[in-house]
Amino acid sequence: MNDKRIILDPTGLYDIPSGYIPVTTEVEWIQFFGVSAAPCWVKGERLCEWAKT
């Protein structure tokens with residue numbers, strides 16, 4: 001079971017709290033999503049759809 005926390009914010013309206021890795025671009029997606037042990041905050045509709053998939 002994966003305990004990693006991933007927050008999806010498709011609206012992009014919320015500030016990313018400290019302690020979360022911001023994933024707001026495709027480059028950040030490649031660098032951090034599923035690679036880092038820290039929780040990710042995924043911002044934007046397109047990236048949130050990728051995360052769901």
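Bear in mind that the values in this text are calculations on the coordinates, not laboratory data. In this text the structure is predicted, and so the values were computed from the model without any measurement. Using ideal geometry, Cβ is built from the backbone for each residue, glycine included, and neighbour counts are taken over all protein chains shown.
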Could you grab me the full set of residues in region 1-32 that are surrounded by 14 or more Cβ atoms within 10 Å (Cβ to Cβ) and touching a residue at least 24 places away in the same chain (Cβ under 8 Å)?
Ile6, Ile7, Leu8, Asp9, Pro10, Ile16, Val23
Quickly run through region 13-53 and pick out the residues that are touching a Ser or Thr at 6+ places or on another chain (Cβ under 8 Å) and of a type in the set (Gly, Ala, Ser).
Gly44
